[in-house]
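*Asks:* Here's a structure for you.
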Number of protein chains: 2
Amino acid sequence: MSVASSRHVRGGAKRQALLYARHTARRFLAELETFCGYPTISGDRRRADDIQRCARWLVARLRDAGLGQAYLIQTAGSPIVYGEWMGRRDAPVLLIYGHYDVQPVAPLNEWRTPPFQATVRGEHLYARGASDDKGQLFTHVKAIESFLRTSGRLPVNVRVILEGEEEIGSPHLSSVLTADPQKYACDVAVMSDTRMLGKGRPAITYALRGSVSLELDVRAGPRDLHAGYFGGAVANPIIILSQLLAGTHDRHGRVAVPGFYDDVKPISSAERRFMRRHGPTDEEILRNAQTRTPWGEAGFSPYERTTIRPALIATGIEGGYAGPGSKSIVPARAGAKVNVRLVPEQDPQEVASLLRNHLVSSTPRHVSVSVRQHAGARAVELDRRHWAMGAAATAYRRAFGARPVFLRSGGTIPVVGMLQDILGVSTVLMGFGLPDDRIHAPNEKFYIPHFTRGIEASLHFMTTLAQAGLAKAPPEL
Amino acid sequence: MSVASSRHVRGGAKRQALLYARHTARRFLAELETFCGYPTISGDRRRADDIQRCARWLVARLRDAGLGQAYLIQTAGSPIVYGEWMGRRDAPVLLIYGHYDVQPVAPLNEWRTPPFQATVRGEHLYARGASDDKGQLFTHVKAIESFLRTSGRLPVNVRVILEGEEEIGSPHLSSVLTADPQKYACDVAVMSDTRMLGKGRPAITYALRGSVSLELDVRAGPRDLHAGYFGGAVANPIIILSQLLAGTHDRHGRVAVPGFYDDVKPISSAERRFMRRHGPTDEEILRNAQTRTPWGEAGFSPYERTTIRPALIATGIEGGYAGPGSKSIVPARAGAKVNVRLVPEQDPQEVASLLRNHLVSSTPRHVSVSVRQHAGARAVELDRRHWAMGAAATAYRRAFGARPVFLRSGGTIPVVGMLQDILGVSTVLMGFGLPDDRIHAPNEKFYIPHFTRGIEASLHFMTTLAQAGLAKAPPEL
């Protein structure tokens, strides 16, 4: 069989797959609704059973899709859902990564419909995880099904890894990959867990910020004290914690932790010009944030502040009595959670140490502060000219009728760095989300036309990747 | 009947009452345990039924005690339990005030035994409200019973007002009193809701701080945002709230709100000498606070800082995600509760306005801050040479075998000012609590020997008051 005729057959297979996907769209959406019904909050240990149930359901979906090899890889935490199809000796191996775990849902009262009862309103599917990442990862599962249930073959070899701990920093994935990297050997990875610029405006993410989180606990005494009897004569942990948090920033929105910016990679003016030309405008970012007032480090645009500049974010605070009514106490303790977003060349451990030292040394002597650090992830930059990036661009163009732009993201996907380090592969971040999908927030949603087009984009991507893979590596054949 | 023989009979009646109280001590304690079992948290609307049940139970106890006139006065909030005995035309009228509502119990996990399951451990009764104020008010109820169930008469006329909203600032009591002040006409009031200096070391409180509370709400946007996508480009309400709270104090523990100290009444050096001679030492206060390090306004002792100096206390804070694990958000809002303790000549409204203006003017323009103010109470100073103070001192000496000291308290009892303003009477603050009773905190307790001696002190107080009342007002007879 010549290359030309092979292409022809593939083209035919793709047409059948596209038709199957269109005819089966309603069932695909119904399945996604079921998928979103599992409360797979990885940060909440009480959800461990739900996570197991969801993982088993996903294995069944991979088998339905036609992946004979599909099973669970148990870890000390959530199981990894694994599936593979390795039926084309001469085609590249594509690793499809996604995560089926989700963020917590609080504040629950701000949800218009229950977070784990997926609800269609207008052209959107509302549910926790609808966009991040259940809806997005499901595009690839359904693309695989569309190929295998029609022509019985995929254009490329595929390994599917669906993780259940992405939202808590993927604590077990790396040891699974490290234990047997040969088992997961691949040429490139694809991941749909990022945003497009807007409806019908595709985007390929080529850079991600890193992340490291700390928890602070300020304790002034062994127990709450009566505010009347002791107020004025004992240190107040809420005030001290406030002083510590206030001290993390100067008046101009710049992080005031000594050494914080020391390792930040300088960005060339050519890159900044590229960003200005292709990136979202200030207005778009502020509109997505539903605010009118810019805020942040002077000398940088909102797009730059959220991508090539690090940020320190207080994500939670609690102390004393915050329930209904009031309670007249000087509380014994107060705590806060802080997340730092990192840019290339900042080391998560090092930045965490700088911050920890700054906080501890700023705490009055007679008050105890403890700082607990969570797993960190470094920032990632990907090569915009990688061969698989071109395949993704073609796939987007075919599915959405528009050329994708290349974007930096302020988000963090630790797995991208992990795949680079452990498997030595680059990842194509082919996202289908919208900037206002409210991921991590109440009323998260996924734009249903992007679910449909996403499945098509995945079909096109696998086909194009097969061709690009052949073109890219002739010496190896 | 001559005055002398009347005294003789009274003395005999007192002996009988004292014997009755001693013989019935076990049942009295059992009843107090039942009383403490009602979860009468006035700050929690879900407890309204429990509050009604407890109030009805108290009316039954007043009737058991022999008060024919005992009933509920319903209000828009908790009912007032009222009882009276007006059987002595020539004796003074004593108003006994207490409150049967309690503080919230959070953090529940720090209680060794459930807060509403009164538990005896060693010489203490552990329960929310055991000391503040169920155990203390019950001494008077049981003293009344001890008189009426033996001689059938009290040495003085008595009106009993047991309130169910003291912990939320007595929002309905003043309108009840104002509506019919004649009905509650009395010569003096007594209230047991304060502390002694230590075990067997009685104290009469002659000054109370005032109090006013505010709730702050800082809002930066309509919804939580993804910390990666937006962190660095949008204002963070936790950081802004922290800046506001940090800005309420200077580095030396002094309140930094402009004008805050303007109206503070200067205290004479004679009064400060009196305080040094009779008040608790620095060590005692720090030991009660379970801390070793003094904190607060320079130039004042811990006792002074908590009595003749105002204080600003952050009592609660919350914002973003503070549950298990973490959530990568820039929260939309954050809130805090602040309590200010006031000293004589500071006006609650005025101080609240100063604080509100300071907070609002310190908030960045593009962020909204709302400040909600709760009912306030001014500080109170009582005359240490009032005739009823002498009667209380005698009663303490007889019951505890020790002379009471005269103390200022940092606490607030708005009712004292209310009785002064509406009924024109002074209050004797005859407390039986201990400094480490953990009122408002987990594992609140009441020292059982003080419950027993408190009943005896109340018996002695009524007897001595009758004599002092006769001595004080001969022209009126």
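The values are calculated or read from the model by the stated rules, or taken from the named source; none is laboratory data. Note that the structure is a prediction, hence the values are computed from the model and not measured. Methodologically, a virtual Cβ is constructed for each residue, glycine included, from the backbone with ideal geometry; neighbour enumeration extends over all protein chains shown.
*Asks:* Among the residues of region A:189-225 satisfying the criterion of being of a type in the set (S, T, N, Q) and in contact with a Leu (Cβ under 9 Å, 6 or more places away or on another chain), which is surrounded by the most Cβ atoms within 10 Å (Cβ to Cβ)? Explain how you work it out, then say what you get.
*Replies:* Here is the first cut: in region A:189-225, the ones of a type in the set (S, T, N, Q) are A:192, A:194, A:205, A:211, A:213.
The next check asks that each one be in contact with a Leu (Cβ under 9 Å, 6 or more places away or on another chain); those that pass are A:192, A:194, A:205, A:211.
Working: A:Ser192: 26, A:Thr194: 22, A:Thr205: 26, A:Ser211: 28.
Applying the filter and picking the extreme gives A:Ser211.
*Asks:* Here is a check on your reading of the model: is A:Gly454 within 15 Å of A:Phe138 (Cβ to Cβ), touching a residue at least 12 places away in the same chain (Cβ under 8 Å) and of a type outside the set (S, T, N, Q)?
*Replies:* On the way: within 15 Å of A:Phe138 (Cβ to Cβ): yes; touching a residue at least 12 places away in the same chain (Cβ under 8 Å): yes; of a type outside the set (S, T, N, Q): yes.
In short, yes.
*Asks:* Please state which of the following conditions A:Ala143 fails to meet, knowing it meets all the rest: (1) in a loop (DSSP other than H, G, I, E, B); (2) more than 30 Å from A:Ala375 (Cα to Cα).
*Replies:* Among (1) in a loop (DSSP other than H, G, I, E, B); (2) more than 30 Å from A:Ala375 (Cα to Cα), A:Ala143 violates only (1).
*Asks:* Is one or more of the residues making up region A:333-346 farther than 16 Å from B:His440 by Cβ, in a helix (DSSP H, G or I), of a type in the set (Asp, Glu) and more than 9 Å from chain B (Cβ to nearest Cβ)?
*Replies:* Start the filter on region A:333-346 by keeping residues that are farther than 16 Å from B:His440 by Cβ, which leaves A:334-346.
Add one more test, that the residue is in a helix (DSSP H, G or I), and what stays is none.
There is no residue in region A:333-346 that is farther than 16 Å from B:His440 by Cβ, in a helix (DSSP H, G or I), of a type in the set (Asp, Glu) and more than 9 Å from chain B (Cβ to nearest Cβ).
*Asks:* Moving on to the next point. For region A:351-371, name all the residues that are of a type in the set (Lys, Arg) and buried (at least 17 other Cβ atoms within 10 Å of the Cβ).
*Replies:* At the first step, the residues of region A:351-371 found to be of a type in the set (Lys, Arg) are A:356, A:365.
Result: A:Arg356, single match.
*Asks:* Please enumerate the residues belonging to region A:108-126 that are in a loop (DSSP other than H, G, I, E, B) and closer than 16 Å to B:Asp224 by Cα. Talk me through it step by step, then tell me what you get.
*Replies:* Initially, region A:108-126 is screened for residues in a loop (DSSP other than H, G, I, E, B), giving A:111-118, A:122-123.
Within region A:108-126, A:Trp111, A:Arg112, A:Pro115 qualify.
*Asks:* Now, a different point. Looking only at residues that are assigned to a strand (DSSP E or B) and among the hydroxyl-bearing types (Ser, Thr, Tyr) in region A:194-226, which one is farthest from the other protein chains (Cβ to nearest Cβ)?
*Replies:* Going residue by residue through region A:194-226, those that are assigned to a strand (DSSP E or B) are A:195, A:198, A:201, A:203-208, A:210-219, A:225-226.
Right, trim to among the hydroxyl-bearing types (Ser, Thr, Tyr) and you get A:205-206, A:211, A:213.
Details: A:Thr205: 11, A:Tyr206: 15, A:Ser211: 7, A:Ser213: 5 Å.
So the residue we want is A:Tyr206.
*Asks:* Could you look through region B:372-388, keep only residues that are within 14 Å of chain A (Cβ to nearest Cβ) and aliphatic (A, V, I, L, M), and pick out the one that is surrounded by the fewest Cβ atoms within 10 Å (Cβ to Cβ)?
*Replies:* So, considering only residues that are within 14 Å of chain A (Cβ to nearest Cβ) and aliphatic (A, V, I, L, M), the one surrounded by the fewest Cβ atoms within 10 Å (Cβ to Cβ) is B:Ala375.
Yes or no, residue by residue, for (1) touching a His at 6+ places or on another chain (Cβ under 9 Å); (2) without any contact (Cβ under 8 Å) to a residue 24 or more places away in the chain; (3) within 18 Å of B:Thr463 (Cβ to Cβ); (4) surrounded by 24 or more Cβ atoms within 10 Å (Cβ to Cβ):
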residue	(1), (2), (3), (4)
B:Trp57	no, yes, no, no
B:Ala65	no, no, yes, no
B:Ala76	yes, no, no, no
B:Met86	no, no, yes, no
B:Leu95	no, no, yes, no
B:Arg112	no, no, no, no
B:Phe116	no, no, no, no
B:Leu148	no, no, yes, no
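*Asks:* May I pose another question? Name the single residue that is nearest to A:Arg365 (Cα to Cα) among those in region A:227-240 being assigned to a loop (DSSP other than H, G, I, E, B) and free of Cβ contacts under 8 Å to residues at least 40 places away in the same chain.
*Replies:* The initial filter retains those residues of region A:227-240 that are assigned to a loop (DSSP other than H, G, I, E, B), namely A:231-236.
Adding the requirement that they be free of Cβ contacts under 8 Å to residues at least 40 places away in the same chain leaves A:232-233.
Numbers: A:Gly232: 18, A:Ala233: 16 Å.
Applying the filter and picking the extreme gives A:Ala233.
*Asks:* So, one more: Considering only residues of region B:232-263 that are in contact with a Gly (Cβ under 6 Å, 6 or more places away or on another chain) and facing another protein chain (nearest Cβ under 7 Å), which is surrounded by the fewest Cβ atoms within 10 Å (Cβ to Cβ)?
*Replies:* Residue satisfying both the conditions and the ranking: B:Ile238.
*Asks:* Here's another thing I want to ask about it. Against the conditions (1) in contact with a Leu (Cβ under 9 Å, 6 or more places away or on another chain); (2) in a loop (DSSP other than H, G, I, E, B); (3) among the polar types (S, T, N, Q), where does A:Ser131 fall short? Just the number, please.
*Replies:* (2)
*Asks:* Only residues that are touching a residue at least 12 places away in the same chain (Cβ under 8 Å), assigned to a loop (DSSP other than H, G, I, E, B) and farther than 13 Å from B:Ser362 by Cβ: list them for region B:241-265, please. It would help to see each step written out before you state the result.
*Replies:* Filtering region B:241-265 for residues touching a residue at least 12 places away in the same chain (Cβ under 8 Å) gives B:241, B:243-245, B:247-249, B:252-255, B:257-261, B:263-265.
Of the ones still in play, those that are also assigned to a loop (DSSP other than H, G, I, E, B) are B:247-248, B:252-254, B:257-261, B:263-265.
Scanning region B:241-265 gives B:His252, B:Gly253, B:Arg254, B:Gly259, B:Phe260, B:Tyr261, B:Asp263, B:Val264, B:Lys265.
*Asks:* Could you pull out the residue among B:Arg403, B:Arg372 that is touching a residue at least 40 places away in the same chain (Cβ under 8 Å) and touching a helix residue (DSSP H, G or I) at 6+ places or on another chain (Cβ under 8 Å)?
*Replies:* Numbers: B:Arg372 fails: touching a helix residue (DSSP H, G or I) at 6+ places or on another chain (Cβ under 8 Å).
Result of the check over B:Arg403, B:Arg372: B:Arg403.
*Asks:* Which fully enclosed strands (runs of 3 or more DSSP E) of region B:365-444 have 1 or more residues being within 17 Å of B:Thr205 (Cα to Cα)? Even if it seems obvious, please write down each step before you answer.
*Replies:* Values: elements: B:368-373, B:405-408, B:427-430.
By residue number, B:405-408, B:427-430.
*Asks:* May I pose another question? Kindly evaluate B:Tyr229 against the criterion of being surrounded by 20 or more Cβ atoms within 10 Å (Cβ to Cβ), touching a helix residue (DSSP H, G or I) at 6+ places or on another chain (Cβ under 9 Å), more than 11 Å from chain A (Cβ to nearest Cβ) and not small (Gly, Ala, Ser). Spell out how you get there, then give the answer.
*Replies:* Values: surrounded by 20 or more Cβ atoms within 10 Å (Cβ to Cβ): yes; touching a helix residue (DSSP H, G or I) at 6+ places or on another chain (Cβ under 9 Å): yes; more than 11 Å from chain A (Cβ to nearest Cβ): no; not small (Gly, Ala, Ser): yes.
Here the answer is no, as B:Tyr229 does not meet what is asked.
*Asks:* Evaluate the following for B:Val212: is it more than 30 Å from A:Thr291 (Cβ to Cβ), within 21 Å of the chain's Cα centre (by Cα) and in contact (Cβ under 8 Å) with a residue 60 or more places away in the chain?
*Replies:* Numbers: more than 30 Å from A:Thr291 (Cβ to Cβ): yes; within 21 Å of the chain's Cα centre (by Cα): yes; in contact (Cβ under 8 Å) with a residue 60 or more places away in the chain: yes.
Spelling it out, B:Val212 is indeed more than 30 Å from A:Thr291 (Cβ to Cβ), within 21 Å of the chain's Cα centre (by Cα) and in contact (Cβ under 8 Å) with a residue 60 or more places away in the chain.
*Asks:* Looking at B:Val416 and the list (1) at pLDDT below 95; (2) within 22 Å of B:Leu177 (Cα to Cα); (3) surrounded by 20 or more Cβ atoms within 10 Å (Cβ to Cβ); (4) not acidic (Asp, Glu), which single condition is not satisfied?
*Replies:* Evaluating B:Val416 over (1) at pLDDT below 95; (2) within 22 Å of B:Leu177 (Cα to Cα); (3) surrounded by 20 or more Cβ atoms within 10 Å (Cβ to Cβ); (4) not acidic (Asp, Glu) leaves (1) as the failure.
*Asks:* Go through B:Gly87, B:Gly77, B:Gly98 for me and flag whichever is assigned to a strand (DSSP E or B) and either within 16 Å of B:Ala189 (Cβ to Cβ) or of a type outside the set (Asp, Glu) (or both). Step through it out loud before you land on a result.
*Replies:* Numbers: B:Gly87 fails: assigned to a strand (DSSP E or B); B:Gly77 fails: assigned to a strand (DSSP E or B).
Result: B:Gly98 is the single residue among B:Gly87, B:Gly77, B:Gly98 that is assigned to a strand (DSSP E or B) and either within 16 Å of B:Ala189 (Cβ to Cβ) or of a type outside the set (Asp, Glu) (or both).
Residues are listed down the side, and each one gets a yes or a no for (1) within 25 Å of A:Ile413 (Cβ to Cβ); (2) of a type outside the set (Val, Ile, Thr); (3) in a helix (DSSP H, G or I):
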site: A:Tyr82; (1), (2), (3): yes, yes, no
site: A:Ala91; (1), (2), (3): no, yes, no
site: A:Ala106; (1), (2), (3): yes, yes, no
site: A:Thr139; (1), (2), (3): yes, no, yes
site: A:Ser151; (1), (2), (3): no, yes, no
site: A:Arg159; (1), (2), (3): yes, yes, no
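*Asks:* Go through (1) on the phi > 0 side of the Ramachandran plot; (2) surrounded by fewer than 21 Cβ atoms within 10 Å (Cβ to Cβ) and name the single condition A:His440 misses.
*Replies:* The one condition A:His440 does not meet is (2).
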